[in-house]
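Laboratory data are not the source of any read-out in this text; all were calculated from the coordinates shown. None of the values given here were measured: they were computed from a predicted structure. Using ideal geometry, Cβ is built from the backbone for each residue, glycine included, and neighbour counts are taken over all protein chains shown.
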Amino acid sequence: MELGPPGGAGPAEPGPRLRGLRGDDRAASAAWLSEASAGRRAPSVAAVLPAGGSGERMGVPTPKQFCPVLERPLISYTLQALERVCWIKDIVVAVTGENMEVMKGIVQRYQHKRISLVEAGVTRHRSIFNGLKALAEDQPNSKLCRPEVVIIHDAVRPFVEEDVLLKVAIAAKEHGAAGAIRPLVSTVISPSADGCLDHSLERTSHRASEMPQAFLFDVIYEAYQQCSDYDLEFGTECLQLALKYCHTKAKLVEGSPDLWKVTYKRDLYAAESIIKERISQQICILMDAKEDEEHVGRCLEEMLKKELNHVKVTSGALCHAGRDLQQIILEQCYNFVCVNVMTSDFEETRKLLNALEESNLSILYPVVVISVHFLDYKLVPFGQKMEHLMQIKEFAKEVKKRNILLCGLLIYYPQE
Ligand SMILES: Nc1ccn([C@@H]2O[C@H](COP(=O)(O)OP(=O)(O)OP(=O)(O)O)[C@@H](O)[C@H]2O)c(=O)n1
Ligand SMILES: O=P(O)(O)OC[C@@H](O)[C@@H](O)[C@@H](O)CO
């Protein structure tokens, strides 16, 4: 079941196609992609996301992949991370029948693309197998093409970047299988039958198997087709299936700390903190002034640059907000301060709000707008002006529906 708008004007795609890549990863990605441009067929890549679990360890009624993080379901962040990668052609998500409508709603609301939904199984391996069957082209009416390489990634691991996806995909093409690994945090021990320590494993010579993993499609599909019911029921490791049933030794790829799987409630809080930190990396100050005119917004910019040295602070004229907004969106700015000195009304801030709504910037992440107003108490009676500015409360209610958080700041002192 293919979903997602045909190619609708979804939220601005975050950044250029090689975003998130560094140094030799960028070169590898360019090489990988250039196969297509050189007329050679670049390896076709698809992804399977198992998302059919119940999230028992999370301890809440909602399956964790659908739990909200900043009022958006966790799985939407994972889909967005995979959608950033232009060389992943299809994303197959396995969800339970009872959650199919919820998942379709998420795809539509957040305008996810390249998404196909399949029925999950009663275990993670069965869910993954169902996703692979959908790609195997032996499904009636399926528009999905059998890929050369398939990436398998848990739907509850939202912080996956293009570099590790590229590494596992390239390694899988060469070795048949590949998987991300991380150093162990706790030592692994083996208990005896009477509940005592039997022995412990040397932590430095072992690793934790994480996601993403990638496989030559034929390898992992064959492994699942040969898989015993026991393995389908109780197994947790796809790399092991490739080894056991296809004698394919996976290449292990060091992953970043952010690859962790959301399992317990604390993981949701951690995910929210990470996302908040990522969308707070830039502040844009917009001023109701002509270019290079002295404006209090410039003082604010300098102060913020001193106080918030990890945050990028930019400034510009409110009147250009609409035109420059596309660039701001590409830079992933979600925080705006509108400094109104020349005009004491709300018109300029309203123009920015309209531009933000048209840009769909706030579909994926909340956008914060602080509207600052200066008022000379000698010129305007406080009561009359406050009444006018209270409009902001009505605007705030209205734009909140579009995930824009608006608040006002009135500075009431003589202009001189
Ligand atoms: N029958 C299942 C079980 C799990 N998963 C998916 O596999 C991923 C990793 O599994 P896990 O963290 O164990 O998820 P749950 O099984 O939901 O968690 P719990 O074990 O706490 O119930 C998750 O995205 C989960 O939705 C799946 O697609 N089908
Ligand atoms: O075992 P769970 O169902 O909690 O989650 C699956 C994880 O085991 C799996 O994603 C990694 O260990 C890599 O195989």
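A few notes on this one:
- Selection from I404, T248, L117, by position along the positive dipole direction of the chain (Cβ): T248
- Given charges at beta-carbon only (K, R positive; D, E negative), |dipole| of the chain in Debye: 340
- Sorted fewest first by neighbouring Cβ atoms within 10 angstrom, M58, M390, M100 come out as M390, M100, M58.
- Simple rule: put +1 on each Lys or Arg Cβ and -1 on each Asp or Glu Cβ in segment 156-314, find the dipole, and look at L268, A289, Y224; the Cα lying farthest toward the positive end is Y224.
- Derived scalar couplings ³J(HN,Hα) [segment 110-123; Karplus, 6.51 cos²θ - 1.76 cosθ + 1.60; whole Hz; x for Gly, Pro]: 9, 6, 6, 10, 6, 9, 10, 10, 10, 6, 6, x, 7, 10
- Rough spin-label spacing in nm, given labels placed 7 Å along Cα→Cβ, for E237 and I274: 2.3
- Difference of contour (0.36 nm per residue) and Cα-Cα distance, S54 to R182: 43.6 nm
- Judged by the mean number of other Cβ atoms found within 10 Å, the most tightly packed of the peptides 274-285, 196-207, 158-169 leads the ranking 158-169, 274-285, 196-207.
- Tensor-based shape of segment 156-295 (alpha-carbon gyration tensor, a/c under 1.5 rounded, otherwise prolate or oblate): prolate
- For segment 91-152 and segment 330-402, distance of Cα centres in Å: 42
- Counted over segment 282-412 with a bin width of 10 Å, the fraction of Cα pairs per bin, in whole percents, is 12, 44, 35, 8, 0.
- What you get for segment 86-165, charging only the Cβ of Lys and Arg (+1) and of Asp and Glu (-1), is a dipole of about 180 debye around the Cα centre.
- R0 of 35 Å, Cβ-Cβ distance A42-T204: FRET efficiency to nearest 0.05: 0.35
- Taking every alpha-carbon pair in segment 74-190 and binning the separations at 5 Å intervals from zero gives 2, 10, 18, 22, 22, 13, 7, 4, 1, 0 percent.
- The largest-to-smallest principal axis extents of the Cα set in segment 44-84 are 38, 21, 10 Å.
- Check: segment 170-272 dipole with +1 on Lys, Arg Cβ and -1 on Asp, Glu Cβ, in debye: 300
- Amide H within-cut-off set for V118, under 5 Å, with H built and near neighbours excluded: V93, A94, V95
- For the chain, a Gaussian network of Cα nodes joined below 10 Å ranks H112, H310, H295 by mean-square fluctuation, and the top entry is H310.
- MRE, 222 nm, helices only [DSSP H, n ≥ 4, -39500 (n - 2.57), over the chain, to nearest 500]: -11000 deg cm²/dmol
- Charge context of I404, other residues only, Cβ under 13 angstrom, K/R +1, D/E -1: +1
- Pairwise Cα distances in the chain exceed 39 Å for 31 percent of all pairs.
- The amide H of L405, built 1.01 Å from its N in the peptide plane, has V367, V368, V369 as neighbours under 5 Å, considering only residues 5 or more places off or on other chains.
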